[in-house]
1. May I ask you to list the residues in region 12-64 that are closer than 25 Å to D471 by Cα, in a helix (DSSP H, G or I) and either open to solvent by 60 Å² or more (accessible area, probe 1.4 Å) or at pLDDT below 95 (or both)?
2. Could you grab me the full set of residues in region 418-474 that are over 21 Å from A281 (Cβ atoms) and not in a helix (DSSP H, G or I)?
3. Select from region 367-406 the residues that are surrounded by fewer than 21 Cβ atoms within 10 Å (Cβ to Cβ) and of a type in the set (A, V, I, L, M) and write down the one among them that is farthest from the chain's Cα centre (by Cα).
4. Which condition number does A105 fail, the rest of (1) in a loop (DSSP other than H, G, I, E, B); (2) touching a Ser or Thr at 6+ places or on another chain (Cβ under 7 Å); (3) among the hydrophobic types (A, V, I, L, M, F, W, C); (4) open to solvent by 20 Å² or more (accessible area, probe 1.4 Å) being met?
5. Which residues, taken from region 410-428, are open to solvent by less than 10 Å² (accessible area, probe 1.4 Å) and either within 13 Å of the chain's Cα centre (by Cα) or among the acidic types (D, E) (or both)?
6. Can you name the residue in region 311-366 that is among the hydroxyl-bearing types (S, T, Y) and modelled with pLDDT of 95 or more and, of all such residues, is least open to solvent (accessible area, probe 1.4 Å)?
7. Looking at region 301-310, which of the residues that are closer than 15 Å to A265 by Cα and without any contact (Cβ under 8 Å) to a residue 60 or more places away in the chain is least open to solvent (accessible area, probe 1.4 Å)?
8. Check E115 against each of (1) surrounded by fewer than 24 Cβ atoms within 10 Å (Cβ to Cβ); (2) of a type outside the set (S, T, Y); (3) touching a strand residue (DSSP E or B) at 6+ places or on another chain (Cβ under 9 Å); (4) more than 19 Å from S215 (Cβ to Cβ) and name the one condition it does not meet.
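The values are calculated or read from the model by the stated rules, or taken from the named source; none is laboratory data. As the structure is a computational prediction, the values presented were derived from the model and not from experiment. Counting neighbours? That spans all protein chains shown, and the Cβs are built from the backbone with ideal geometry, glycine included. Quick note on the areas: whole protein, heavy atoms, side chains included, nothing else; ligands and nucleic acids left out. Shrake-Rupley method; radii C 1.70, N 1.55, O 1.52, S 1.80 Å.
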Amino acid sequence: MQDADCFLTVAELGARYAAGTAKPSTIASLHLERIARVDPVLNAMQVVDVDGALKAAQESDARWAAGRPTGPLDGVTVTIKDNVDVAGFATRHGSLTTPDTPASADSPVVARLREAGAVILGKTRLPEFGWKGLTDGPLQNGPTRNPWNIATSPGGSSGGAAACVAAGIGTIAFGNDGGGSIRIPANLCGLYGLKPTFGRVPHHPQEGMFATLVSGGPITRTVEDAVATLDVMARPDDRDWFALPPTAPGWLTGLEPKLKGLRIAYAPVLGGFGPDEEVRAVVDAAVERLRSYGATITEVASPIGELKGRFEVYWIGAFARRMRLIPRERWDDLDPTFRDLAERGMAVTIDQLLDAEAARAALGREFAAFHRDYDLLLTPTMPHVAPPVETIYHCQAYDRWRDSVPFTLPFNLTGQPASTAPCGLSASGLPIGLQVVGPKYSERLILEAGLAIEAALGFAQPHPVLVKALDALA
């Protein structure tokens, strides 16, 4: 495989840096060269910071040579989603309507990653304002493509982030998730993605009721990489009024694979929607394999009812709020479907929004009661494999509520942590994911379950099917 060193894990990189058999500057250069070679096809990067990445990597070289690395992420390559501030670069949110003025300061997660010695390669693409589970839009010249099959989408809204990690561009990626935007693309690109409890990873700016849907987190190839990354990302920053109390030192140390002894529910249908037959068969087989490893898993009916009737106004109301902040003369520059939904959202009343906010609280109580009986919930991550890259989002053929977010959105509304891990392939060679959901604040338990699932299912990283596709691409 070309550029095999671009697929090393955090631990493997650290071992090589410590032994002097690799240098951060060499690894960073490999990733930058890989961007130049494969991203013209994938269209996953919004901006590449060649000079900044090489400078940070050379500084990491010196720390490793002196035997004083800052931690496990020192010299590890990272990409950042372009709705997050990186000092010196504009934060475009995938929109022509946003200014190209460079951010004056790093967002909390970028600041923490820099302090940890990570090498930031650049910023990744997303759909306009992260509004959908695909990655295309007015700011980019064509859609972002899935490295597994460039005729398909990597999903969204962190589609550029996931496409990069799957393609060997960056060891890890930072994404954020307001309805599935970490888990959807991680699932479609055969990766591990973790949406932590709301407030676990500080963010700024972070204002308003709609911001409370969004959690930032890692997209990685392995659970161990996600552990190392989350430990850094969750460090405190007082700019985030919604942030959880700081975690205790070592809160993610000593994790062990864990499934046996847990009370685990499996809901193949959630809120009235289930997966297609192929996805159901692969996820069922994965659940059965986990049972053979000693997990006690009980299949259950959906613990919740449908979501659209309760939360459609919440979704389009958020779009209306965003569009009201844009000068009227720029509305023609918006994604037409986003604009249509936002204009519908203009009619949403305060009473409707408050009713939806009350419905969120009720949904949270429903899942809190559910977790009195079950430690974890398993579901498919998505109903289908990666759709064709030209798919139109939220239309009759690909409805948001039915085809994209039925398994992921509930846990943005409740603020619970949830992860996705690859559990098999479709007949066409596309990845299928298994979602693991825990009660609020249970990241440690989800990660321990993730370690056990990763070991039991043995999904190779990178997978041979992906390697073949990447070799053809490169």
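1. E12, R16, T26, E33, A36, R37, P40, V50
2. Answer for region 418-474, where residues must be over 21 Å from A281 (Cβ atoms) and not in a helix (DSSP H, G or I): A418, S419, V437, G438, P439, K440, Y441, S442, Q461, P462, A474.
3. That would be A369.
4. Condition (2) is where A105 drops out.
5. Passing the criteria: N412, P417, A418, S419, T420.
6. Just the residues of region 311-366 that are among the hydroxyl-bearing types (S, T, Y), to begin with: 314, 337, 349.
Subset that is modelled with pLDDT of 95 or more: 337, 349.
Working: T337: 42, T349: 65 Å².
Ranking the candidates gives T337 first.
7. To start, the set of residues in region 301-310 that are closer than 15 Å to A265 by Cα comprises 301-304.
Remaining after also requiring without any contact (Cβ under 8 Å) to a residue 60 or more places away in the chain: 301-302.
On the way: A301: 82, S302: 40 Å².
Residue satisfying both the conditions and the ranking: S302.
8. (3)
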